[in-house]
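Inspection log for the structure reproduced underneath, given as structure tokens.
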Amino acid sequence: MSNTDGRRYGSIEIAKHALNFSIAHFTIFSKTKRENLHGHNFQIACELTAPVDENGLMFDYSIIKSVIRHMCDEIDEQVILPKNSPHLELIDEGEYTVAVFDGQRIPFLKRDVTVLPIANTTVEEFSNYFLHKVLNHAELKNRGIVKMKLSVSSSPGQTGSSIWELP
């Protein structure tokens, strides 16, 4: 791919087995219907497009692997709850976070919970959450990235992706 600025652009995809996290969650379908609490081993893949320099590199992409690995580690082995769900209320009760759904109280020890600014705990929401965290990470600023696709899989054949492209 070439741009009107005369630079050559390339794409790379980072999809390493080590870019994963294990969490417990439940998907909320409506104000009265949700899944039971269960877990998945999620995988992250990231494809990005940026200028290729005179050395034949976009940039040292160990940076992107490190950024994603750190984000995975932050939520690994946690119960993930959605802060922005219209159907779930989260209450802080000392050492507990209580999720209230359809009148039922579901208490969790705070140490086991991560609350994310998402509407639901789905691969679609996780991909968007991670995409924006990667795009806004200080180590990836000024790398010339013009397009990024971030995908989150909960199992083979079940993947959600979010795409950002420079206007």
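Rule-based calculations on the coordinates, nothing more; no lab input. Note that the structure is predicted; figures quoted are calculated from it, not measured. Every residue, glycine as well, gets a Cβ built from its backbone with ideal geometry; the counts of neighbours run over all protein chains shown.
Can you give the FRET efficiency for Val98 and Leu37, using 1/(1 + (r/R0)^6), R0 = 22 Å, r = Cβ-Cβ distance, to the nearest 0.05? Don't skip to the end; give the middle numbers.
Details: r = 14 Å, r/R0 = 0.63.
So, using R0 = 22 Å, E works out to roughly 0.95.
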Worksheet item: What spacing in nm lies between the two simple spin-label points modelled at Ile91 and Ser155, each 7 Å away from Cα in the Cβ direction?
Response: 3.4
Item to complete: Using only the Cα atoms, work out Rg/Rh for the range 97-146, with Rh taken as the Kirkwood radius, to two decimals.
Response: 1.17
Item to complete: Towards the positive end of the charge dipole of the chain, with charges on Cβ (+1 Lys, Arg; -1 Asp, Glu), say which of Leu81, Ser153, Ala18 has the farthest Cα.
Response: Ser153
Worksheet item: So how far apart, in nm, are the two label points at Glu54 and Lys133 if each is 7 Å from Cα heading toward Cβ?
Response: 3.8
Worksheet item: Which percent of Cα pairs goes in each bin when the distances of the chain are cut into 5 angstrom slices starting at zero?
Response: 1, 8, 16, 19, 16, 13, 10, 7, 5, 3, 2, 1, 0
Discussion item. Give me a comma-separated list of calculated 3J(HN,Hα) values for the range 137-148, in order, Karplus coefficients 6.51, -1.76, 1.60 applied at θ = phi - 60°, integers in Hz, x for any Gly or Pro.
Written reply: 6, 4, 6, 9, 5, 6, 9, x, 5, 10, 7, 9
Worksheet, complete the sentence: Using alpha carbon centers only, the range 101-156 is separated from the range 1-75 by a whole-angstrom value of 11
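Would you calculate a helix-derived [θ] at 222 nm for the chain, using -39,500 (n - 2.57) for each DSSP H run of n ≥ 4 and dividing by the full residue count, to the nearest 500?
Values: 2 runs with 27 residues, N = 167.
-5000 deg cm²/dmol, from helical runs alone.
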Worksheet item: Size of the dipole of the chain about the Cα centre, Lys and Arg at +1 and Asp and Glu at -1 on the beta carbon, nothing else charged, in debye to 20?
Response: 260
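Once the piece of chain linking Glu13 and Ser62 is laid out straight, how much longer is it, given 0.36 nm per residue of separation minus the C-alpha distance between them? Please report the intermediate quantities before stating the final value.
Numbers: separation 49, 0.36 × 49 = 17.64 nm, distance 1.19 nm.
Going from the current span to full extension adds 16.5 nm.
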